[in-house]
Amino acid sequence: MYTGFQHLHSGLAYLVLLILVGVIGYALMNFINNKPFTEKARKFSLVGLIAAHIQLLIGLVLYFISPNVMFSGEAMGDAMSRLYLLEHPLTMIIGIVLITIGYSKAKSGDDDAARYKKILIFYGLGLFLILLRIPWSAWPGM
Ligand code: HEM
Ligand code: HEM
């Protein structure tokens, strides 16, 4: 079961990053060109949110079954163990929370530019945090 979840988490990570970059790029183009915030724009942002939430769920499962997550004080002294025990989960959760707030704020409102701006700021910050604490030394490479 561990291997399955590990591959799922590792594979979905590509999709999450790709979709978030796409959503942010799309919002940026539309923001610059003063385009209206359409239903299509909302749904595209929602796809990014759902991808992040599925990754969150899989990550949470993995956290409790992965042999790389060691619940001991000693884990704090080793950079890789600390990353898996603390830094990666915490940073990803904060990033996903920001994305969720961004979607909630952007999903309604009259000012189209302001809605795109919310996607840009919250999804942008969220993606930045996610990129900051991906275990790059172990990934990509399943
Ligand atoms: C541990 C797992 C999860 C947690 C803690 C979580 C938490 C949340 C929270 C706090 C919101 C914001 C609600 C709001 O204020 O509007 C939300 C929204 C949402 N979540 Fe999740 N979620 C999880 C997993 C999932 C999964 C697995 C999916 C999809 C397969 C999903 C799909 C959604 C969708 C579509 C929304 C947006 C609803 C909307 O505003 O239109 N979530 N989630
Ligand atoms: C957008 C959110 C996230 C992304 C993009 C992401 C991405 C990744 C990547 C790329 C890896 C390395 C996979 C490999 O070694 O092949 C990984 C490992 C891991 N992630 Fe995440 N992650 C996310 C969220 C989370 C969350 C919320 C948790 C836990 C609460 C979590 C727990 C783990 C664990 C425990 C591992 C180590 C798995 C192992 O190799 O044993 N992740 N993550």
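The values are calculated or read from the model by the stated rules, or taken from the named source; none is laboratory data. Computed from a predicted structure; not experimentally measured. Cβ: placed from backbone, ideal geometry, glycine included. Neighbour counts: every protein chain shown. Quick note on the areas: whole protein, heavy atoms, side chains included, nothing else; ligands and nucleic acids left out. Shrake-Rupley method; radii C 1.70, N 1.55, O 1.52, S 1.80 Å.
Quick grid of which residues meet (1) away from ligand 1 (no atom under 16 Å from the Cβ); (2) farther than 18 Å from ALA138 by Cβ:
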{"position": "GLN6", "(1), (2)": "yes, no"}
{"position": "ILE32", "(1), (2)": "yes, yes"}
{"position": "LEU90", "(1), (2)": "no, no"}
{"position": "TYR103", "(1), (2)": "no, yes"}
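Scan the range 76-88 and tell me whether some residue there is under 20 Å from ILE121 (Cα atoms), more than 16 Å from the chain's Cα centre (by Cα) and either charged (D, E, K, R) or assigned to a helix (DSSP H, G or I) (or both).
No, the range 76-88 contains no residue that is under 20 Å from ILE121 (Cα atoms), more than 16 Å from the chain's Cα centre (by Cα) and either charged (D, E, K, R) or assigned to a helix (DSSP H, G or I) (or both).
Would you confirm, using the coordinates I've provided, whether LEU15 is of a type in the set (A, V, I, L, M, F, W, C) and open to solvent by less than 80 Å² (accessible area, probe 1.4 Å)?
Here the answer is no, as LEU15 does not meet what is asked.
If ALA13 satisfies all but one of (1) under 19 Å from PRO135 (Cβ atoms); (2) over 22 Å from the mean Cα position of the chain (by Cα); (3) within 16 Å of ligand 1 (Cβ to nearest atom), what's the number of the condition it fails?
The single condition ALA13 does not satisfy is (2).
For LEU62, are the conditions met, namely being under 25 Å from LEU120 (Cα atoms) and either within 8 Å of ligand 2 (Cβ to nearest atom) or open to solvent by less than 60 Å² (accessible area, probe 1.4 Å) (or both)?
Against the criterion (under 25 Å from LEU120 (Cα atoms) and either within 8 Å of ligand 2 (Cβ to nearest atom) or open to solvent by less than 60 Å² (accessible area, probe 1.4 Å) (or both)), LEU62 does not qualify.
Out of the residues in the range 18-59 meeting the condition of being under 12 Å from the mean Cα position of the chain (by Cα) and open to solvent by 50 Å² or more (accessible area, probe 1.4 Å), tell me which one is farthest from ILE101 (Cα to Cα).
If we take residues in the range 18-59 being under 12 Å from the mean Cα position of the chain (by Cα) and open to solvent by 50 Å² or more (accessible area, probe 1.4 Å), then LEU18 is farthest from ILE101 (Cα to Cα).
Which one is most open to solvent (accessible area, probe 1.4 Å), of the residues in the range 87-142 that are over 15 Å from LEU17 (Cα atoms) and of a type in the set (Phe, Trp, Tyr)?
By that ranking, first place goes to TYR103.
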